[in-house]
1. Tell me the helices (runs of 4 or more DSSP H) entirely within the range 356-457 that contain at least 3 residues that are touching a helix residue (DSSP H, G or I) at 6+ places or on another chain (Cβ under 7 Å) and more than 15 Å from residue 491 (Cα to Cα).
2. Which condition number does residue 925 fail, the rest of (1) at negative phi; (2) over 33 Å from the mean Cα position of the chain (by Cα); (3) not aliphatic (A, V, I, L, M) being met?
3. Would you point out which residue out of 709, 679 is among the charged types (D, E, K, R) and either assigned to a helix (DSSP H, G or I) or buried (at least 19 other Cβ atoms within 10 Å of the Cβ) (or both)?
4. Quick one: which helices (runs of 4 or more DSSP H) lie wholly within the range 477-585 and hold at least 3 residues that are more than 31 Å from the chain's Cα centre (by Cα) and surrounded by fewer than 20 Cβ atoms within 10 Å (Cβ to Cβ)?
5. Might you check whether a residue that is touching a residue at least 24 places away in the same chain (Cβ under 8 Å), of a type in the set (S, T, N, Q) and on the phi > 0 side of the Ramachandran plot occurs anywhere in the range 622-636?
6. Which number in (1) more than 25 Å from residue 388 (Cβ to Cβ); (2) in contact with an Asp or Glu (Cβ under 8 Å, 6 or more places away or on another chain); (3) not assigned by TED's automatic domain parsing to the domain that holds residue 846 marks the one condition that residue 725 misses?
Amino acid sequence: MLYPQAAIIASATPLPLLLPLPSSFSTPLAPGSSRIPYPFCLSLSLMHRPIRFPLPACLRAAFGTVPAAVALSLCAAVLPTAAPLAPQLAAAQTAPATATASAPTTVSDLKAWTIEGDAALDPAKPSPGNTPSLRLAPNSRASLKLRDTDGSGKITFHVFDDATVATPDKKKSVGPRWGTTAASGRILVGGIMYAPFLQPAGSICLLDTDPKDPAAWLPVKFLGTRASQPGWSKWELEYHPEKGLIITIDGKLVPTRHFDWNTSKAEGFNGITFYGDASPGAGAQTIYIGDITHELGPPMKVKPGSAPSIASANTNPAAAKPTPVLTGPVPEEETDKLVAAGGKPVPAKMAGFVPGPRLIDDLKDLRVQTVEGYDKQHPRLRFSPGDKEQLQQRARDNPALWEAVIANANSVRNAEPPSPQWIREGTKYWIAEKIESAALAWFVTGDAAYKDAAIRWMVAHCKQDIWGDTYRPNLDLIASWYLYHISIAYDILKNEMSPEDRKIVSKGIADHARHIYVDADPRNPQQQIRYDQNHTYIPNVAAMTAALALLDELPEARHWLTRSYAILRRSRYVQNEDGYYYEGFGYWTYALNWHARGAELLQRATGEPMFNIPVLRDTWLFGLHLSLPGTPGAFDLGDCLGWGADGKLKDMRVGNYSMMWEIGSQNVAAGVPNANADKSRTVADMFYKRWAERDYPSAAFLYFNPAIKAAPIESITPYHYFEDQDVVAWRSDWTPDATVYLFRCGPPLGHKAAAKFRQLKDWTMNAGHVHPDIGAFWIYAKGAYLAVDTGYTAEKYTREHNTLLIDDKGQAMDGSYHNDRGVPYEHLDGAKITAQYLSPEYGFAAGTFGSAYTRQIKGADLRRALLMTKRYLLVIDDLQSETPRKLTWLCHAVEPFKPEGAAHVSRLTDGNRAALAVIPLAPTGATAAVPRAEATMVLAGISPKNGKIAQRGNKLTLSSPEPTSKTRFINLLVPLAADEKLPEIADVKDEGTAVSLTVKWPDGKSETVKLDLTWKTGSGPTGPAAITVK
């Protein structure tokens, strides 16, 4: 224990304390009796300093009732709390008299407390320690004064939150609070707060405030998400005499990014206080506090602002390492020797690039040549000194885009740089863009305040040797964001900086660029690089940016440029070739925009057009066809943050879509055929209207080109087939009432990746953000997301998607985070779309994907065919197996599925109350699939195995009653409006090679459908379906 309690020890020292004790004090003290509740402690004074010590049980029982008295000479000393009291009495050991502290105390009565309102001990609600808890009804308060002056010590207690949302709709109100008091009347309390800027169910916050202030409850500090289920949480507030206030919740340290004691006014504490819920109305909750203990320490030796920052619980103490240096000749040095000897290097080119087996093969004699005069001026990375008037005019012509830049710039101008620990942790690393915005604001306006602020922030960051202290320090995303934006700001402001500041920033950029350069040592024959993955190409774009910024200062910067160029070139080579981004919508602009950033910088530096590759040129197709007219805004394939902490779907807001403005504009300027710049602008404009760019406004401002006119959305075909990825998207139209389907039946990285993987011997695939959802479908209709996905998960299971299970087994490495690792890519590459037909009337797709289950299920042929129309989706599934197997069909929705006649219906309870009906058509009778409706539970999280069990909607499963070697499931999925009745289904016929049925709608219309399952792509202009409407 940090704060040992005071003990009673026989004393032969001066200044004895005389205490009359009952004669029964001769009774031996029981071992372990040192942990006595606070109400049974005496307080003495020694040299005007309070001393508290516990009384043993024998003394408590006899004190005040026995007339005899004993004079005992005592003194206060400090001994470890964990030791029993009896041995302490026997051993008169001396300890520092300055560290006096009380014994931990648990509430056993409220006699010493100040109570306001309905607050009382409640035996009916035992604490985790199995003692009565303190019940606080709404608008009550319970406080305990522990001493007259503030000091150090520790407060520990449990809080029971029943998950009641006292104030829905994000209206501002004050919930229950708990924490410490100060002698000045100030309090420091955690609690549940409600506000428009917090989460819908309320958020856990911290308040350092004066309750007498009319605005006492406004300055909230967000700590985290409130638990969605009732339960206890353990809080500990430790005022360390030399380190300051340290707060933990359930054993996890509150990091400085959420609460930095150095910026607070909490100089110590003198008591405990708990507030009941102050939310208005009858919805206010009752909370319970249990297991309250405290330890009182000496006066605080530090005050806010003077203590070292408390490190995050995740800080890696071994993270600080010297800047790495490669030993021995590296390929870039060999090229330098070649040039010095009069040899000719291999000029770097993207066009026509054919990679060698390994990175070192590409680097042999490679030299990245910059255009003449490139390194003779600053700025040069994103614009030149002569562009100032053009940018000033752009700011006048596009005030909304420019105001966003100024808003970010002002947040730097009006604030001091973050603390060193905050920079090292980098939890909100993306705000480094604000440094670039401030530099750009100075360049356009000439306002020196922006320049000075940007330099202050750059210097603060570059003084830190660690960028990102938890995962791959100095090598990963945090370091990349810092390095990129600081390099660009340095390029803009270099000539305006003092020599001292310029030296600090230049050294900081160089040191961090070296870490990334050294990490990918091509001489290592065992080196494997994940060229496809954003954690590879993002750091190398950042290192390349640093190299271009320092070309005129450090000769070695050309080495960084060459290596990052070579890695980026291989990364571009392995990306999808149909415009699809394999990591899904959640990572689409977040990650892919770094390829656009790299292309922008390299094109300016080398003069070579860089945007004419499919993953960039055609990325508008991905953004458009995965988009949805309503919440969550897009199909959430792969790792997406589409589910909120409250278990509800939310908008998947994206930024950096402005890359499509730049891609289209640059490809037009380069004369690229079929650049589709007008369509790229259409899609970028669509996202800008939904979610104006606030995180990366500099890029949006610089990328927007009004000369490129947007194509009318109605002129774009509302369906598309991504051939390499084998994804079909079909929608009825571009109106808000559109019906939209998606079907995926291909490998994680596309089919062409298989040959590339054999070609690149140092490439390790990384499809960690791809889910085992081959063969899955998604549905948006009636203004709602109806057949949904499960979002970002720490363990990825096939059962969490709208696909199939065989004997309850899933695809590839089912249940792992990296679903593709550990299985041959051929197993996944065997999944493919075998036929597809897209027209305004309907869409059709058929695929085979049994090979994806090979690791657990061998010899199974699994096929799915879909007929997609405005009013329904017909799904036909076939399983053939060498041995009898059970087939399980899966469909996920937001609300539970409930039987309604022959259908299973999931009806939304809010919004437009649309519904999805699943109508099983085959098999029937004794072989009919067995239905089961249940909640969809996942391990929610963003890293392997590190997650929490959470509900992500609900699911319906239809399973074979018995194993069979051959079976066919036929299901009709019908989206319904709130007041729309189910259709009647008649004349269902399964002819083996064809399926037909009649749908009778409640409005009197009927549709007769016949679907030819043998139809092949291109075999006829009319397609596989004959649909007659009467």
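The values are calculated or read from the model by the stated rules, or taken from the named source; none is laboratory data. Worth saying up front: this structure is predicted, and the values here are computed from it rather than measured. Every residue, glycine among them, receives a Cβ derived from its backbone with ideal geometry; neighbour counts consider all protein chains shown.
1. Values: elements: 359-363, 388-397, 399-413, 420-425, 433-445.
Ranges flagged: 359-363, 388-397, 399-413.
2. Just one mismatch for residue 925, condition (1).
3. Answer to the check: 679.
4. By residue number, 499-519.
5. no
6. (3)
Quick grid of which residues meet (1) of a type in the set (A, V, I, L, M); (2) in contact with a helix residue (DSSP H, G or I) (Cβ under 6 Å, 6 or more places away or on another chain); (3) more than 19 Å from residue 582 (Cα to Cα):
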| position | (1), (2), (3) |
| --- | --- |
| 524 | no, no, yes |
| 534 | no, yes, no |
| 540 | no, yes, yes |
| 543 | yes, yes, yes |
| 547 | yes, yes, yes |
| 550 | yes, yes, yes |
| 557 | yes, yes, yes |
| 560 | no, yes, yes |
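Yes/no matrix, rows are residues, columns are (1) more than 30 Å from residue 648 (Cα to Cα); (2) modelled with pLDDT of 95 or more; (3) more than 29 Å from the chain's Cα centre (by Cα); (4) surrounded by fewer than 20 Cβ atoms within 10 Å (Cβ to Cβ):
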residue	(1), (2), (3), (4)
909	no, no, no, yes
947	no, no, no, yes
961	yes, yes, yes, yes
967	yes, yes, yes, no
974	no, yes, yes, no
982	no, yes, yes, yes
986	yes, yes, yes, yes
998	yes, yes, yes, yes
